[in-house]
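Encoded as structure tokens, the structure appears first; notes follow it.
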Amino acid sequence: EVALRYVAGVGAVKGGAVLVCFTDITDREQASQMRRDFVANVSHELRTPLTALMGFIETLRGAARDDADARDRFLAIMEGEASRMNRLVGDLLSLNRVESEERVRPKERVDLVEHLKSTIKSLEPLAQAGGTALVLDAPSIPVEIPADPDQIQQVFTNLIENALKYGGETVSVVLTVLDRDPALRCAAVRVQVIDDGPGIDPVHLPRLTERFYRADNHRSRELGGTGLGLAIVKHIINRHRGRLRVESDLGQGATFTVILPQ
Ligand code: ADP
């Protein structure tokens, strides 16, 4: 579909010719539609926990006023809803920051092996809680790339956290140095986050990095997902001039591959 805006018209001239000028505003229309969708999504995502909070406040004032057990239960749920809102606002701020920096290419040299080790260490308790084996397969020497250290940590935190949240028994993180990546046309590093969980229906794969897109809406919400994790990952990888590939099928686990120039 193409959106056109009428610019000017020249009335009928002798002989019957009429000149009418239009300008193509498809991009502008699409951008403003995306902005409207985004605001609608954010409002909806914030309103859901807020409505729950307001309901529980009312119950605590009324029916559950003198019931200590119910009060404790409701307060725990309220805490969960408040932290959901907190996560959402945190992810929105991250997305905003990453988008505003997207044009500035990071220059700092970062040792990816060290970063992956520390990301995995911080996610080890989550892996243990879910009974998942989290393993790193990386060279024993430093592998340096130009990167923003906090952002690169965020990419792998989000991917590994997803693999643990949605994944199965084992999550492997494999770092490989590539002499040359054919698409990037330079030396590169490849990091694969591989899980043996339930996988993703391939129909969802092309839209997975869109904001608030969830392959399994119910499960994502149940697990406390904001629906913004992969959108943040995509913007950070764009900033680093890298690429992201997702391979999955139902019942086949999922593999998220990040390729970054060296
Ligand atoms: P969320 O906060 O919902 O996890 P993300 O943007 O991180 O949002 O991921 C988008 C969707 O992709 C998730 O809702 C989930 O349906 C799907 N997904 C992401 N990683 C995996 C995985 N390792 N296995 C199965 N599904 C996944």
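A few remarks follow.
- Within the accessible area of the range 212-262 (1.4 Å probe), percent carbon and sulfur: 43 percent
- Remark on V189: its backbone amide H falls under 5 Å from those of L178, L260, Q262, a criterion applied only to residues 5 or more positions apart or on other chains, H modelled at 1.01 Å from N.
- Computed magnitude of the charge dipole of the chain (debye, nearest 20; Cβ of K, R +1, Cβ of D, E -1): 1040 debye
- As a fraction of the 1.4 Å probe accessible area of the range 110-193, surface on carbon and sulfur atoms comes out at 50 percent.
- For the chain, lysine pairs separated by 8 or more sequence positions, or belonging to different chains, with Cα-Cα distances below 28 Å total 8.
- Solvent exposure of the chain as accessible area per residue, Å², 1.4 Å probe: 59 Å²
- Contact order relative to length of the range 26-165, as percent, for alpha carbon pairs under 8 angstrom and 6 or more apart: 22 percent
- Under the span-like rule (Cα at least 30 Å along the axis, Kyte-Doolittle mean at least -0.5), DSSP H helices of the chain: 26-61, 68-100
- Seen from V143, the other residues with C-beta closer than 15 Å to its C-beta sum to a net charge of -4, counting Lys and Arg as +1 and Asp and Glu as -1.
- Of interest is the spacing of the C-alpha centroids, which for the range 6-74 and the range 90-130 amounts to 30 Å.
- Short-range pairs are left out: with C-alpha atoms under 8 Å and at least six residues apart, the relative contact order of the chain is 16 percent.
The values are calculated or read from the model by the stated rules, or taken from the named source; none is laboratory data. The model shown is predicted, which means the values in this text are computed figures rather than measured ones. Methodologically, a virtual Cβ is constructed for each residue, glycine included, from the backbone with ideal geometry; neighbour enumeration extends over all protein chains shown. Protein only, heavy atoms only, side chains kept; ligands, DNA and RNA dropped before computing areas. Shrake-Rupley method; radii C 1.70, N 1.55, O 1.52, S 1.80 Å.
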